[in-house]
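Q: Below you'll find the structure I mean.
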Amino acid sequence: MSLDEDAIKLFAMTSKLIELDLDQVELEQAIDLRRDHRATAEVDGAYYPQIDRAIRAEAAEMAPHYEVFYSLETTIRQLVRDQLQAAQPDWWDKRVPEQIRKDAEKRQKQEVDTGITPRSDDPIDYTNFGELGIVIRSNWDVFGALFSSAKAVERVMANLNTLRGAIAHCSPLAEDEVVRLRLTVRDWFRLGE
């Protein structure tokens with residue numbers, strides 16, 4: 001066996017040991033370091049490599065921002081759903097402004113009509129940040145104890161809705177907008193202090 005072969009084998013074994021150590025860290029710390037790309041590679045192996053490398057790199061840079069939006073928007077929807085459900089069982093019909101209900105139900109129907117699997121049976125999952133801000137503000141009797149200011153909630157939600165556009169439409173966020181996103185997320189969590 002040559003020196004090169006030994007070096008390659010040593011590298012492979014060291015890499016495997018590092019992977020095992022990282023598996024243990026993920027398990028102990030209950031975190032996902034997003035190292036397992038095998039499922040994506042199996043599905044996209046034939047087509048994804050045909051996409052320009054610069055576009056794939058840009059997508060990888062945008063992925064953490066999408067994750068922030070997905071997590072935050074889902075969390076806020078759950079908060080709205082839980083708080084309004086506790087206040088009134090038929091909250092969707094009684095507490096959500098009519099235009100928001102109509103728009104969400106229209107989006108839901110459009111999705112069903114396309115023949116793809118609907119994302120949800122719950123119409124609130126078809127609302128956006130701006131609409132969620134309006135729902136919160138129009139139900140201030142329910143949310144007033146959770147947040148410091150109705151106007152601040154609406155402003156932060158409107159900012160999130162605006163920032164969401166670039167990510168939802170697969171455009172890169174400018175460096176200033178990445179900073180603005182971080183600050184707006186902080187603003188959201190400060191509203192509950």
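The values are calculated or read from the model by the stated rules, or taken from the named source; none is laboratory data. For clarity, every value in this text was computed on a predicted model and none was experimentally measured. Here Cβ is always computed from backbone atoms with ideal geometry, including for glycine, and neighbour counts include all displayed protein chains.
Q: Go through region 142-193 and give me each residue that's acidic (Asp, Glu), under 24 Å from Arg81 (Cβ atoms) and surrounded by 15 or more Cβ atoms within 10 Å (Cβ to Cβ).
A: Glu154, Asp187
Q: Could you give every pair whose Cβ atoms fall below 9 Å, whose first residue belongs to region 166-189 and is on the phi > 0 side of the Ramachandran plot, and whose second residue is surrounded by 12 or more Cβ atoms within 10 Å (Cβ to Cβ) and at pLDDT 85 or above, counting only separations of at least 6 or pairs across chains?
A: Cys170/Met62
Q: Let me ask something additional. Could you please give the count of residues in region 17-43 that are farther than 25 Å from Arg164 by Cβ and either at pLDDT 85 or above or in a helix (DSSP H, G or I) (or both)?
A: The total comes to 18.
Q: What residue, of Arg95, Arg119, Arg81, is touching a residue at least 12 places away in the same chain (Cβ under 8 Å) and within 22 Å of the chain's Cα centre (by Cα)?
A: Just one listed residue meets the conditions, Arg81.
Q: So Ile167 ticks every box in (1) closer than 15 Å to Arg77 by Cβ; (2) in a helix (DSSP H, G or I) but one. Which box is left unticked?
A: Ile167 satisfies all of (1) closer than 15 Å to Arg77 by Cβ; (2) in a helix (DSSP H, G or I) except (1).
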